1. Round to the nearest 0.05 the FRET efficiency obtained for N213 and D175 when R0 = 25 Å and r is the Cβ-Cβ distance.
2. Counting C-alpha atoms alone, how compact is region 346-499: give Rg to one decimal and Dmax as a whole number, in angstrom.
3. Sort out for me the Cα centre separation of region 151-174 from region 334-413, rounded to whole Å.
4. Would you mind getting me the FRET efficiency between S317 and T269? Use the beta-carbon distance for r and R0 = 25 Å, nearest 0.05.
5. What does the net charge come to around R486 if you take all other residues with beta carbon closer than 15 Å to its beta carbon, with K and R at +1 and D and E at -1?
6. Mind scanning K460/K480; K150/K347; K283/K407; K227/K301; K314/K419; K460/K485 and naming the pairs with a C-alpha gap bigger than 26 Å?
7. Counting other Cβ atoms within 10 Å, which chymotrypsin sites (Phe, Trp or Tyr not before Pro) in region 294-327 have at most 12 and lie in a DSSP loop?
8. Zone of D386 (label point 7 Å along Cα→Cβ, backbone N under 12 Å): which residues in region 410-443?
Amino acid sequence: MPAFAFTAGMPYLYPFQKNMVLYMDMQLNTIVGLALFALYAISIAGLIIVVLLENRNPLKTIPWVIVLLLLPGAGLIFYFIFGQDNRRQRVISRRTYKRIMRPLHVNQPVQDRCVVDPSCRPLVNLLNRNHRNPLLYGSELTFYTGGTEKFDALLEEIGRAQHHIHLQYYIFGDDAIGRTVQQALIDRARAGIQVRVIYDDVGSWHVRRSFFNEMREAGIQICPFLKVVFPVLTSKVNYRNHRKIVVIDGRVGFMGGMNIADRYLHGSTFGPWRDTHFKITGKGVHGLQSAFLIDWYVISKQFVKGREYYPPEKIYSDNILQIATSGPTGPWRTLLQAFLFCIMNAKKYLYIQTPYFLPTEGLNQALQTVALGGVDVRLMIPERSDTRTASMASHSFLDDMVKAGVKVYFYQTGFLHSKLLVTDDVLACIGSSNFDFRSFEHNFEINAFVYQASFALRMKAMFMDDLQFCEQIVPARWLKRPFLKRLAESFMRLFSPLL
């Protein structure tokens, strides 16, 4: 009887039959193994081709190719979560986007008063061409550097709401201030006010779902942004909505760096949290409104429209601003482009506050270039960070900064979470964006560019006031840091795009 005709029910195999069965098993396993390897190799090769065809910066493409080749299993998962380029994706149709943005382009006679400094005109055109962001004239801007004053103002305006409240935060904490804001929103919803809330699903990961359900039960419309069901298996986890927006009745708005959390009131183990937040009264609120309604449409598919969301506003001042948004979708990195413009066009001074300093190569070179050209470039970052890995990586960028003449300051009184850029007494940029890869390339952010000398001078004065709580880096000492420390910082720099 041939060996291949043997069945499991036969009681005995001759030696040559056993050898034949083992040989056939080995051959079968080899064929299956080769087939699986070929299929896997084809998949990896195809993915590498996709990465190459994305035409990214080679500095970002090459590391991903190496990861996929050296760690094909883990690298594939890692790329799926963190590496995909969504620039070609559209989260909203052009037609819907134009319909939501249309109210911003009314009252053109008022726009005639928007005469900005000639040095800023190309920036105005850039932001308008990227996202149809018009100049908004006549708003009043109030800034807060502490959580107590910011939340007092926010709760007061919530209590005054007559028609609607739109609120969007990266972190909506279930703590003392979070429950205070929650109750204020519930009270207004029960009074018949429309309340819509967006929170980031990752930023508010540790918040009990019952906290948000209590608001839903009170009639508040509330949605998470890019809900992550299986964090380790989804590409959504890397793209977060970092915006902080509040719009009340289309007349008053808030934006800036503060989330809803007790740390902004009572500090943390690092000490007080120094942040900057802004209240906008007037036409500028309409820019916040359109940004919120676009995000609301994306996650809820509800198109909210009506003149009551963009009420006529009186003129409060002569300031001019543009509200600009950016994110990981669409063809342009709007805020990255805008920051590059601000840096390269600085003539006298450029002051920056940021909690995380992980610049792209373009920003890195731009800062060094203008500093070498004689511009007074000052960078303020926290001495201690809430993210040690990000802090270590940021330190690796400071060597070339101080060599180029950038004045670097470590903020020592608590944790600096403020985001600010001010230059030449003509322009100030405020909002949610940090000076890092994540904000410019992965997060959904919102900033306001204010073209008014008096406001720029106020922001400059605020920066100078904060200097009294800082220690300036002395290049001679800084560059002599221990070798192992510099090596660890340089190693963490390799992961800057992911921190």
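1. It comes out at approximately 0.90.
2. 14.9, 46
3. 33
4. On the way: r = 40 Å, r/R0 = 1.60.
Taking R0 as 25 Å, the efficiency between S317 and T269 is 0.05.
5. Residues close to R486 contribute a combined charge of +3.
6. Values: K460/K480 32 Å; K150/K347 33 Å; K283/K407 37 Å; K227/K301 15 Å; K314/K419 29 Å; K460/K485 34 Å.
Result: K460/K480; K150/K347; K283/K407; K314/K419; K460/K485 exceed 26 Å.
7. Loop-located and lightly packed - F303.
8. Only 415-418 fall inside the zone, counting backbone N under 12 Å.
The values are calculated or read from the model by the stated rules, or taken from the named source; none is laboratory data. For clarity, every value in this text was computed on a predicted model and none was experimentally measured. Cβ coordinates were reconstructed from backbone atoms using ideal geometry, including for glycine residues, and neighbour counts include every protein chain displayed. Just so you know, the surface numbers come from the protein's heavy atoms only, side chains and all, with ligands and any DNA or RNA stripped out. Shrake-Rupley method; radii C 1.70, N 1.55, O 1.52, S 1.80 Å.
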